[in-house]
Amino acid sequence: MVNRRSVLKIGAATVAGVLVKMPVSGRNLSPAKTHIAFHRAIFDERFAECRGFAAELHSAGVFTSAIRGDVAGLWYDDLRVHLREDRLPVAGLTDRAALFCLEELARDVDMRVVFRVDHTIELDGLAKHVAAAEASSVSATRRLPKEPHFGRAMAERFSRLDPRELRDAAAQKLTGPFAPEDKTMLVSWVIA
């Protein structure tokens, strides 16, 4: 229903979107979902969970970039230039090696990992989720589905997340870039 309040919200969102160079859509204005201005969402197109994550954020108006494990081209040809100018948060769902590289490269623009959830996918297809962040994120991680499609659930969580409020050093590197043998390791993360 169109009323005065919804018109004012759309107008304010449009002005804010222009100021932060962010697309505005009616979906972003729903009370259950507030959209934070991520510069971009990076996903590894080799994994269905990552593709679901990207599709959900793309539909919320976030620009997405696909990788296939290697982030060097994306970083040096595109991302570094934009982050030096705007330094807006970057979200992602990638494998551990890609995050490991991005975490090191982000230092070049004075940014760091401020949110991290490790997803271990077992041989039976079920996932275990471990958050390395503040207590509220750890609690929310317990509600993530163990079945496939947790990527979309993480994207929905990110659409309500304000990375400017995340400053927990626990989100930084816990382990090296490689997964344990016979397991797939994916990581949801925010660099700000």
> Out of all the residues in segment 46-84, which are in a helix (DSSP H, G or I) and of a type in the set (Asp, Glu)?
Replying inline: Glu49, Glu56, Asp77, Asp78
> Say we look at segment 38-62 and pick out the residues that are crowded, with 23+ Cβ neighbours inside 10 Å and among the small types (Gly, Ala, Ser); which of these is farthest from Cys101 (Cα to Cα)?
Replying inline: Ala54
> Mind checking which residues of segment 50-67 are touching a His at 6+ places or on another chain (Cβ under 9 Å) and either of a type in the set (Phe, Trp, Tyr) or at pLDDT 95 or above (or both)?
Replying inline: Gly52, Phe63, Thr64
>> If I filter segment 63-96 down to residues being free of Cβ contacts under 8 Å to residues at least 24 places away in the same chain and charged (D, E, K, R), which single residue comes out as surrounded by the most Cβ atoms within 10 Å (Cβ to Cβ)?
In response: Asp78
> Any idea how many residues of segment 111-156 are modelled with pLDDT of 80 or more, in a helix (DSSP H, G or I) and closer than 22 Å to Phe100 by Cβ?
Replying inline: 4
> Looking at this structure, is Ala106 under 16 Å from Trp189 (Cα atoms) and in a strand (DSSP E or B)?
Replying inline: no
> Within segment 30-45, how many residues turn out to be part of a loop (DSSP other than H, G, I, E, B) and either touching a Gly at 6+ places or on another chain (Cβ under 7 Å) or at pLDDT below 90 (or both)?
Replying inline: 10
> Is it true that Asp70 is modelled with pLDDT under 95 and over 15 Å from the mean Cα position of the chain (by Cα)?
Replying inline: yes
> For segment 113-123, does any single residue satisfy the condition of being surrounded by 14 or more Cβ atoms within 10 Å (Cβ to Cβ) and free of Cβ contacts under 8 Å to residues at least 40 places away in the same chain?
Replying inline: no
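The values are calculated or read from the model by the stated rules, or taken from the named source; none is laboratory data. Given the structure is predicted, the values throughout are model-derived calculations rather than measurements. So basically every Cβ, Gly included, is an ideal-geometry build from the backbone, and we count neighbours across all protein chains shown.
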